[in-house]
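**Student:** Starting off with a structure, shown below.
The values are calculated or read from the model by the stated rules, or taken from the named source; none is laboratory data. Values in this document were obtained by computation on a predicted structure and should not be read as measured data. We place every Cβ from the backbone using ideal geometry, glycine too, and count neighbours over all the protein chains shown. We work out accessible area using only protein heavy atoms, side chains counted, and drop any ligands, DNA or RNA first. Shrake-Rupley method; radii C 1.70, N 1.55, O 1.52, S 1.80 Å.
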Amino acid sequence: MRNLRENDMEERIETEDLILSKGKYDDWKDIFENLWRHEESAKYMLWTTVKTEEKAKEKMRKVIEWQKNHLEYFIYEKKSGKAIGFAGIEEIEKGVYEDTGIAIGLKFIGQGYGKQVLMALVNHCFQIKGAEKFVCSCRSENTASKRMQLSCGFLYSHSEKRIDKRNGMEYILEFYQLLKK
């Protein structure tokens with residue numbers, strides 16, 4: 001298990017099976033093997049796959065730098081200690097937070113990890129950040145994400161047409177929201 005910094009709550013969010021924490025350079029191989037190199041993992045996201053270990057190391061350096069100033073985390077499986085995905089949040093207006101994407105490696109899907117991550121981010125925003133509303137989105141064809149958001153109590157809000165900058169194709173982004181009780 002990796003040595004996590006425990007002195008800053010922004011650095012670590014914990015669930016039953018997972019730890020969300022800022023990435024460390026040594027995680028490059030796990031995240032490359034589990035997520036970044038798989039086309040299926042990037043299908044509904046805004047990033048492109050990484051094909052070589054050298055590119056993965058380069059991307060890891062950029063991610064670490066990005067995470068310094070953003071609420072972006074790697075997802076670590078507790079039982080293996082491996083980096084298996086990433087997730088993030090941002091405040092889009094006072095008291096309103098939005099997920100910036102949740103991606104979990106293919107061999108870790110179907111274990112309830114996505115739901116754990118989403119609810120951990122929601123609880124963090126409501127309890128620690130003082131949020132009143134949490135917003136999620138997914139592409140209309142991403143039925144797994146849509147099902148997960150609905151199962152977590154989110155309600156459909158609206159849809160917007162978007163253009164995928166990777167290929168110029170249009171897609172529909174559906175938004176879901178959850179209000180603090």
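**Student:** For segment 98-123, which positions are within 17 Å of Q67 (Cα to Cα) and either part of a strand (DSSP E or B) or at pLDDT below 95 (or both)?
**Tutor:** Answer for segment 98-123, where residues must be within 17 Å of Q67 (Cα to Cα) and either part of a strand (DSSP E or B) or at pLDDT below 95 (or both): E98, D99, T100, G101, I102, A103.
**Student:** Okay, next question. Examine segment 169-179 for a residue that is farther than 13 Å from M45 by Cβ, of a type in the set (S, T, Y) and not in a strand (DSSP E or B), and state whether such a residue exists.
**Tutor:** no
**Student:** Would it be correct to say that I75 is closer than 14 Å to K22 by Cα, open to solvent by less than 100 Å² (accessible area, probe 1.4 Å) and in a strand (DSSP E or B)? Reasoning before the result, please.
**Tutor:** Working: closer than 14 Å to K22 by Cα: yes; open to solvent by less than 100 Å² (accessible area, probe 1.4 Å): yes; in a strand (DSSP E or B): yes.
In short, yes.
**Student:** Going residue by residue through segment 161-181, is there one that turns out to be within 24 Å of E14 (Cβ to Cβ), open to solvent by 20 Å² or more (accessible area, probe 1.4 Å) and out of contact with any strand residue (DSSP E or B) (no Cβ under 9 Å at 6 or more places or on another chain)?
**Tutor:** yes
**Student:** Checking Y113 against (1) over 17 Å from D27 (Cα atoms); (2) surrounded by fewer than 17 Cβ atoms within 10 Å (Cβ to Cβ): exactly one of these is not met. Which one?
**Tutor:** Against the list (1) over 17 Å from D27 (Cα atoms); (2) surrounded by fewer than 17 Cβ atoms within 10 Å (Cβ to Cβ), Y113 comes up short only on (2).
Every residue, every condition in (1) in a helix (DSSP H, G or I); (2) without any contact (Cβ under 8 Å) to a residue 12 or more places away in the chain; (3) among the aliphatic types (A, V, I, L, M), yes or no:
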position	(1), (2), (3)
I19	no, no, yes
W28	yes, no, no
S41	yes, no, no
K51	no, no, no
K55	yes, yes, no
V63	yes, no, yes
K79	no, no, no
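**Student:** Hey, another quick one. From the residues in segment 44-68 that are open to solvent by 100 Å² or more (accessible area, probe 1.4 Å) and among the basic types (K, R), which one is nearest to D99 (Cα to Cα)?
**Tutor:** Only one residue tops the list, namely K68.
**Student:** Name the residues in segment 134-160 that are open to solvent by 60 Å² or more (accessible area, probe 1.4 Å) and touching a residue at least 40 places away in the same chain (Cβ under 8 Å), would you?
**Tutor:** E141
**Student:** Identify, please: which residue in segment 116-132 is free of Cβ contacts under 8 Å to residues at least 60 places away in the same chain and polar (S, T, N, Q) and is, among those, least open to solvent (accessible area, probe 1.4 Å)? I'd like the intermediate steps shown before the answer.
**Tutor:** Pass one, segment 116-132, residues free of Cβ contacts under 8 Å to residues at least 60 places away in the same chain: 118, 122-123, 125-127, 129-132.
Narrowing the set further to residues that are polar (S, T, N, Q) leaves 123, 127.
Details: N123: 67, Q127: 143 Å².
Checked segment 116-132; the qualifying residue least open to solvent (accessible area, probe 1.4 Å) is N123.
**Student:** Across segment 78-90, what is the number of residues that are surrounded by fewer than 19 Cβ atoms within 10 Å (Cβ to Cβ) and over 17 Å from S137 (Cα atoms)?
**Tutor:** 4
**Student:** With respect to G95, is the statement that it is open to solvent by less than 60 Å² (accessible area, probe 1.4 Å), farther than 27 Å from I163 by Cα and free of Cβ contacts under 8 Å to residues at least 60 places away in the same chain true? Don't jump to the end; show me each part of the working.
**Tutor:** Details: open to solvent by less than 60 Å² (accessible area, probe 1.4 Å): yes; farther than 27 Å from I163 by Cα: yes; free of Cβ contacts under 8 Å to residues at least 60 places away in the same chain: yes.
Yes; evaluated as a whole, the condition is true for this residue.
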